[in-house]
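Undergrad: Structure incoming, see below.
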Amino acid sequence: MEYNDFLEMFIEESKDHLQNINDELLKLEADPDNTSIVNEIFRSAHTLKGMAATMGFEDLASLTHDMENVLDLLRNSKLTITSEIMDIIFTCVDFIEKMVTNIEQGGNGKENVTDIVFQLKKIQDPSLAMNLENQAINETAATAQLVMDEFQLSVINEAIKFGNHAYQISVTLDEQCVMKAVRAYMVFQVLEELGEVLQTNPPVEQIEEEGFNDTFSILLLSPQEAQDIQKQLLNVSEVKQVLVVEQGNQQGKIDEEVLVKEVEKADPTPKQNGNEESDSSKKKPRSKSIRVDIDKLDQLMNLFSELIIDRGRLEQIAQNTHLNELTETVEHMTRISTNLQELILNMRMVPVEQVFNRFPRMIRDLAKELNKKIELIIEGAETELDRTVIDEIGDPLVHLIRNALDHGLETTKDRIECGKPEEGKVVLKAYHSGNHVFIEVKDDGKGINREKVLSKGIERGVVTLEDSQNLTDSQVYSLLFSSGFSTADKISDISGRGVGLDVVKTKIESLGGAISVDSTLGQGSIFQIQLPLSLSIIYAMLIKVANETYAIPFNSIVEITNVARDEVVTLHGQKVIQFREQVVPLIYLQEVFHVPSAPNETEVQELFIVIVRKGDKTVGLVVDSVLGQQEVVLKSLGSYLTNLYAISGATILGNGEVALIIDSNQFIN
């Protein structure tokens, strides 16, 4: 196995461990006396540290080790959990996530963790606070670390045997210092009297040319004590800060690792009498699975798509030739390919839990920032969606949840005054219905002020004063999705800096979905997202416009009907029909797509109309004929045919003809 394969495995497993740590930390915050939770977090952190060290990401391993030390104190009851300690551990996890993300993007996994390391060290040993605080003051001092090779390590180890000390010294000069090279030379003079300088960072030549900011580091062998060295260097004019850290020998480091392994051999989990069976019963059975690159699944889906096209072609040949053997073979192939399609689609399906898992931690942090008490309830996390949709749905949900926390839920004081519980509730729910998945974001906050939305809509010119008189509540709430629309009195970083919900709507519709909102003033709001199960293979109705064939996805079709030509009337310049007690505007596809009329075409007395819906609005698409339903493969039109009006892609039919797939959403404003 190559390094890249190991790296990919490391990144995936690191994400799993980080998610587990986040989940367990939230449980620990709610139940701080449960040591079994601390043990679970410790195991994940220790595994992550070991993997990082094995892959050579020492900074990541070091930070995780510092966090692990704090967890070790917690699980051995040497430390009491407080809100401040939890905040520090959560921040540490955030830094580790940043490092893993940096590695995933091709970086080296380095971050400026000076401050968080200081906080972790301070928890472990408050007496170290003074030295570590000096270290945290200057970021540059932290980054100017010295890397020792094997020869230097051997020299240090030999010197230590004869009573010397190895010090790594960071010297920071005053920002106003004019002749930095001269001050650095004076520092070196003092150090050469105290011991032997082994190494500098940056190199001496660079320091002499003032090729450094304000800080440089020195590796020194000296019999003197650290406090004496620090005191003498601070006597040098314009030296602002001196940090002296004694370096341990290599053997000491090995002893520490051995100690960790010995602790692992002994079972760190305290046994609880009478609860052993219940603990073991809580362990989840390990499923047998392998990780598959999503690109390989995409390739498999593309190959199967070609098979679907060939199947359609064979079905047509079988109908035309009337050969029994061919017909039977095609029917068998259809059954097999249908099962294969279901299997491939299921392989691409992943639970929305992968997206939902990020929100408990996010809500915990936002609740603290907003000073609100918030409970998140997740329902239907096992609901499955196509991996492509899963990858894209996260950002819209983040925006909706932030919006619910910032604008939806009242402050604790306001909730008490309204007779509501102090703790506001946000419900994140997912469920299947037909060929769609619905995701709801619900809050029990103050709801949406209809008049305020309407007033803002009129002010921004989204709706006229005359039209506003006849709008239903649902139509008023839909104004929230207009570009740049925001009713916030004060723009904040929480709910998107006043960007509005139009970004959410655009993303959802690009996935072939729809979003709607319902609200009751004083009781809360519900944002509902409707998404297709899959984006690759869809059921569509094939229709004919003159000599051209088009496909309309089933999920947007309400009904197909035919009306007499004389039933079409013109209202305000728009041709409409009366359909099921409502006025439905008509769209003539032949005119929209500029399809030339067929030769010798005679005017028909009846029109075929496909009624399509978007939200609570409907339009009728006028077509020449309906060919029937068919399973089609959605193909992109490529980079040369972008932004075509009302066209979302194309498919290849059984006879080899290309049919464009109509995006009916674009006909409805």
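The values are calculated or read from the model by the stated rules, or taken from the named source; none is laboratory data. The structure displayed is predicted, hence computed values, not measured ones. Glycine also receives a Cβ, built like all others from the backbone with ideal geometry; neighbour counts cover every protein chain displayed.
Undergrad: Among the helices (runs of 4 or more DSSP H) confined wholly to region 1-84, which include 1 or more residues that are of a type in the set (Gly, Ala, Ser), touching a Leu at 6+ places or on another chain (Cβ under 8 Å) and surrounded by 15 or more Cβ atoms within 10 Å (Cβ to Cβ)? Outline the logic, then answer.
TA: Details: elements: 3-30, 35-55, 58-75.
Counting at least 1 such residues, we get 3-30, 35-55.
Undergrad: Here's a follow-up. LEU376 passes all but one of (1) under 22 Å from LEU25 (Cβ atoms); (2) touching a residue at least 40 places away in the same chain (Cβ under 8 Å); (3) surrounded by fewer than 18 Cβ atoms within 10 Å (Cβ to Cβ); which number fails?
TA: The number of the failed condition is (3).
Undergrad: Still on this structure, I have one more. Only one of these is of a type in the set (Ser, Thr, Tyr) and modelled with pLDDT under 50: SER278, SER289. Name it. Outline the logic, then answer.
TA: On the way: SER289 fails: modelled with pLDDT under 50.
Unique residue meeting the criteria: SER278.
Undergrad: Name the residues in region 380-436 that are part of a strand (DSSP E or B) and more than 18 Å from the chain's Cα centre (by Cα), would you? Outline the logic, then answer.
TA: First, pick out the residues of region 380-436 that are part of a strand (DSSP E or B): 384-386, 424-433, 436.
Result: GLY424, LYS425, VAL426, VAL427, TYR431, HIS432, SER433, HIS436.
Undergrad: Out of (1) in a helix (DSSP H, G or I); (2) surrounded by 13 or more Cβ atoms within 10 Å (Cβ to Cβ), what's the single condition that is false for VAL350?
TA: Tallying (1) in a helix (DSSP H, G or I); (2) surrounded by 13 or more Cβ atoms within 10 Å (Cβ to Cβ), VAL350 fails exactly one: (1).
Undergrad: Residues to consider are GLN299, GLN316; find the one that is touching a residue at least 60 places away in the same chain (Cβ under 8 Å) and outside the structural domain of ALA404 (by TED's automatic domain parsing).
TA: Working: GLN299 fails: touching a residue at least 60 places away in the same chain (Cβ under 8 Å).
Among GLN299, GLN316, only GLN316 is touching a residue at least 60 places away in the same chain (Cβ under 8 Å) and outside the structural domain of ALA404 (by TED's automatic domain parsing).
Undergrad: Now a separate question. Checking GLY211 against (1) assigned to a helix (DSSP H, G or I); (2) surrounded by fewer than 16 Cβ atoms within 10 Å (Cβ to Cβ), which test does it fail?
TA: (1)
Undergrad: Would you please name the residue that is modelled with the highest pLDDT, looking only at residues in region 159-183 that are assigned to a helix (DSSP H, G or I) and within 20 Å of ALA226 (Cβ to Cβ)?
TA: Quick first cut of region 159-183, residues assigned to a helix (DSSP H, G or I) only: 159-161, 180-183.
Next cut, within 20 Å of ALA226 (Cβ to Cβ) only: 159-161.
Working: ALA159: 74, ILE160: 79, LYS161: 74.
So, considering only residues that are assigned to a helix (DSSP H, G or I) and within 20 Å of ALA226 (Cβ to Cβ), the one modelled with the highest pLDDT is ILE160.
Undergrad: So, VAL558, is that one part of a strand (DSSP E or B), touching a residue at least 60 places away in the same chain (Cβ under 8 Å) and under 28 Å from ASP518 (Cβ atoms) or not? If you could, list the steps in order and put the result at the bottom.
TA: Numbers: part of a strand (DSSP E or B): yes; touching a residue at least 60 places away in the same chain (Cβ under 8 Å): yes; under 28 Å from ASP518 (Cβ atoms): yes.
Spelling it out, VAL558 is indeed part of a strand (DSSP E or B), touching a residue at least 60 places away in the same chain (Cβ under 8 Å) and under 28 Å from ASP518 (Cβ atoms).
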